[in-house]
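Working notes, beginning with the structure itself.
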Amino acid sequence: MFDSRTRTVVIVGAQWGDEGKGKLVDVLAERADWVVRYQGGANAGHTVHIGEKSFVLHQIPSGILHPGVRCAIGNGVVLDPDTLFTEIDELVAEGVDVQGRLYVSDRAHLVMPFHKLVDSLSSASRDIGTTGRGIGPAYEDKIARRGVRVLDLRHTDRLRSLVEKAVGHANAMLASYGVAERADVDSTLELLERLAPRLLPITDDVGLMIHRGITTGANVLLEGAQGSLLDVDHGTYPFVTSSSTTSGGAAIGAGISPMAIHAALGVVKAYTTRVGNGPLPTELDEPLATEMRTLGNEFGATTGRPRRCGWFDGVVARYAARITGLTGLAVTKLDVLDTFDRVALCTGYRVGDAIHAEFPADLTALDGAAPQYEWMDGWQASTAAARTLGDLPAAARKYLDRIESLVETPITHVSVGTRRDQIIG
Ligand code: GDP
């Protein structure tokens, strides 16, 4: 992925998240100097399997699993400091050296306990199916200009009034829900004052650090969370996350210029999944849905929720490729389809007499839309040991070729299992 002209690369999910970005970042991080998270928060969950060990990373970039790679949490992330340190402690307990390798942007906004309270008790959050980690309310406070940033922890004199303002708003929200729970200023301040001595020493101007890295020839990987169809602008609004998950958001959220990004790798599963509510045009009926969920182990890394499963949707992936300017595609979990006798690819949606080949902004256009499928023979052989395209059964290669033509993006990687080495690059 990296060469003399391609040194800043963004990795984005090109479906509804959980595409296996964590594994791709882990594989590509081997040649990176920096790995930077640019949006989302502890609602993300990247799972990386190394040998017998599994690591689920919620906020720390997956690059941390490679010694020598420096990792940063950018300004576009909403940071939950409490769970950050739980994550760091768990990594250290597993023998991962984090000291001096992890930086947090001073501009990142903080997720506080009252954000989680508001998130968990809000019926709007329930309707969307959020993870309840306080991400949406923290971004709301950021945009409403009552957020608390990491750098505010340096100013204890100012911190109380900032927290009072945000808690006041949270309590007004809770009162409007008709619930008895209330947020509390003193306990919030106690938590922040307890965490500040650990957080401030790893706090820095991350955008500037990355810029300096780029100007001195460093390889930088920008690690997206969630997926393009969950982007607050381009996704299936309102069933979206609260941040810009696409490559445009990568520059903003890492604090670097959009002109500094050289390539964008989109990660897609060989099929489609989504967690939470909202449209999923190619969603499978039973018993196929359960079969695919079981084979793909499609349960959320953060919440354990069963994921909804469907056939590969070429309309969705081509839309994601356009919005994010994908220069390459990584297809993951091809092995999950190994046992199917036939597989389908969606090429458009039929609504009445019309076929829609572009993903609509207006979700009502998807009401009653019938996915148009191209059926292909399954390969009914294990792909888990394939390390080159030539090792794949002809039917699997044909399936990948069709994905490539539908998405109009060259496939650069194919993943055939959870392990690091189970990849064709
Ligand atoms: P992310 O948020 O995009 O990183 O995705 P998740 O970590 O939530 O989900 C990816 C899951 O799929 C993890 O458990 C990975 O180990 C697993 N995975 C990734 N690539 C493959 C693959 O090629 N085959 C199989 N069977 N599992 C994979």
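The values are calculated or read from the model by the stated rules, or taken from the named source; none is laboratory data. Worth saying up front: this structure is predicted, and the values here are computed from it rather than measured. Quick reminder, even Gly has a Cβ in these numbers, built from the backbone with ideal geometry, and neighbours come from all protein chains shown. These accessible areas exclude ligands, DNA and RNA; they are computed on the full protein's heavy atoms, side chains included. Shrake-Rupley method; radii C 1.70, N 1.55, O 1.52, S 1.80 Å.
Scan the stretch 190-202 and tell me whether some residue there is touching a strand residue (DSSP E or B) at 6+ places or on another chain (Cβ under 6 Å), of a type outside the set (Gly, Ala, Ser) and either open to solvent by 50 Å² or more (accessible area, probe 1.4 Å) or modelled with pLDDT of 95 or more (or both). Taking every residue of the stretch 190-202 in turn, at least one turns out to be touching a strand residue (DSSP E or B) at 6+ places or on another chain (Cβ under 6 Å), of a type outside the set (Gly, Ala, Ser) and either open to solvent by 50 Å² or more (accessible area, probe 1.4 Å) or modelled with pLDDT of 95 or more (or both). For the stretch 241-347, the helices (runs of 4 or more DSSP H) that sit wholly inside it and include 1 or more residues that are more than 30 Å from residue 212 (Cα to Cα) and among the acidic types (Asp, Glu) are 288-295.
When 110, 117, 91, 121 are checked against the criterion of being closer than 29 Å to residue 208 by Cα, in contact (Cβ under 8 Å) with a residue 60 or more places away in the chain and of a type outside the set (Gly, Ala, Ser), a single residue qualifies: 110. Count of the stretch 16-51 residues, restricted to those that are more than 7 Å from the ligand (Cβ to nearest atom), modelled with pLDDT under 95 and open to solvent by 10 Å² or more (accessible area, probe 1.4 Å), is 7. When each of 187, 228, 247 is tested for being open to solvent by less than 10 Å² (accessible area, probe 1.4 Å) and touching a residue at least 12 places away in the same chain (Cβ under 8 Å), the lone residue that passes is 228. Could you please let me know if residue 294 is open to solvent by less than 70 Å² (accessible area, probe 1.4 Å), closer than 24 Å to residue 43 by Cα and within 12 Å of the ligand (Cβ to nearest atom)? No. Of all the criteria given as (1) assigned to a strand (DSSP E or B); (2) away from the ligand (no atom under 16 Å from the Cβ), the one not satisfied by residue 68 is (1). Restricted to the stretch 1-15, and to residues there that are hydrophobic (A, V, I, L, M, F, W, C) and open to solvent by 10 Å² or more (accessible area, probe 1.4 Å), the residue that is farthest from the ligand (Cβ to nearest atom) is 2. Within the option set 249, 235, 253, 276, being out of contact with any His (no Cβ under 8 Å at 6 or more places or on another chain), more than 23 Å from residue 365 (Cα to Cα), within 16 Å of the ligand (Cβ to nearest atom) and not polar (S, T, N, Q) holds for one residue only, 249.
Quick one: which helices (runs of 4 or more DSSP H) sit completely within the stretch 111-159 and have at least 2 residues that are within 15 Å of residue 173 (Cβ to Cβ) and open to solvent by less than 20 Å² (accessible area, probe 1.4 Å)? Those helices (runs of 4 or more DSSP H) span 113-121, 135-143.
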